[in-house]
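A short worksheet on the structure shown next.
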Amino acid sequence: MHSEFHIRPATLDDIPGLQALIPLSARNLRQGYSSEQVEAALGSALGVDTQLVRDGTYFVVEAGSELVACGGWSRRRTLYGSDHVHATAKDDSWLDPKREPARIRAFFVHPEYARRGIGSLLLRTCEEAAARLGFTDLELASTLPGEPLYRAHGYAEVERFEVPLPAGKGLPVIRMRKTLRSGEVAK
């Protein structure tokens with residue numbers, strides 16, 4: 001991987017940086033979505049989920065001292081969303097790694113650092129961490145701009161659906177899934 005990038009677990013001190021990065025990424029890398037959809041999704045479907053940070057399953061990528069990407073995985077049932085999702089819409093109960101897939105969650109890259117291998121670095125890190133805890137299956141809700149990354153790493157479409165947004169808008173996403181073979185992670 002590029003030596004210019006450093007990946008580490010996110011901390012609660014990173015939250016302000018994440019709150020700046022996520023809208024910047026969503027607004028500038030929004031292929032397939034209207035500005036109205038992105039704005040409605042920010043603060044509801046797209047945003048910081050501090051539960052992931054507290055669980056130690058969310059990562060940040062730095063170039064020098066600049067936060068340039070974030071993403072993670074989860075052992076909890078919630079498939080997508082941020083702190084702003086109503087508590088009844090989230091299910092933070094634990095998944096059973098023997099019969100349920102871990103969740104890949106909330107990847108965002110600074111537009112100036114897009115297409116430089118950072119998404120692959122995050123995905124590989126998440127897959128390795130989930131595998132260490134016994135998960136062999138992974139699932140995610142991909143945004144339209146994220147679909148090529150996940151397909152390139154062996155994720156297959158399960159279904160397409162719309163995440164409900166404020167003001168009656170919807171955000172099309174793709175539920176995708178991958179089974180890890182023994183010792184296999186993103187390349």
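Here is the figure for the range 14-37: residues that are among the aliphatic types (A, V, I, L, M), surrounded by fewer than 20 Cβ atoms within 10 Å (Cβ to Cβ) and assigned to a helix (DSSP H, G or I) total 4. Residue 137 meets the conditions (1) surrounded by 15 or more Cβ atoms within 10 Å (Cβ to Cβ); (2) at pLDDT below 95; (3) charged (D, E, K, R) in every case but one. The failed one is (2). If you go through the range 38-67 and pick out every residue that is within 15 Å of residue 173 (Cα to Cα) and assigned to a helix (DSSP H, G or I), you end up with 3.
If the condition is being acidic (Asp, Glu) and either closer than 19 Å to residue 47 by Cα or not in a strand (DSSP E or B) (or both), then the range 140-170 contributes 147, 162. With the requirement that a residue be crowded, with 21+ Cβ neighbours inside 10 Å and in contact with an Asp or Glu (Cβ under 9 Å, 6 or more places away or on another chain), what does the range 48-59 give you? Answer for the range 48-59, where residues must be crowded, with 21+ Cβ neighbours inside 10 Å and in contact with an Asp or Glu (Cβ under 9 Å, 6 or more places away or on another chain): 48, 49, 53, 58. Of everything in the range 1-59, what is at pLDDT below 95 and either farther than 24 Å from residue 164 by Cα or touching a Phe, Trp or Tyr at 6+ places or on another chain (Cβ under 7 Å) (or both)? Give them in sequence order. Those that are at pLDDT below 95 and either farther than 24 Å from residue 164 by Cα or touching a Phe, Trp or Tyr at 6+ places or on another chain (Cβ under 7 Å) (or both): 1, 2, 3, 4, 45.
The values are calculated or read from the model by the stated rules, or taken from the named source; none is laboratory data. From a predicted model like this one, the values you see are computed outputs, not experimental measurements. Neighbour counts run over all protein chains shown; Cβ positions are idealised from the backbone, glycine included.
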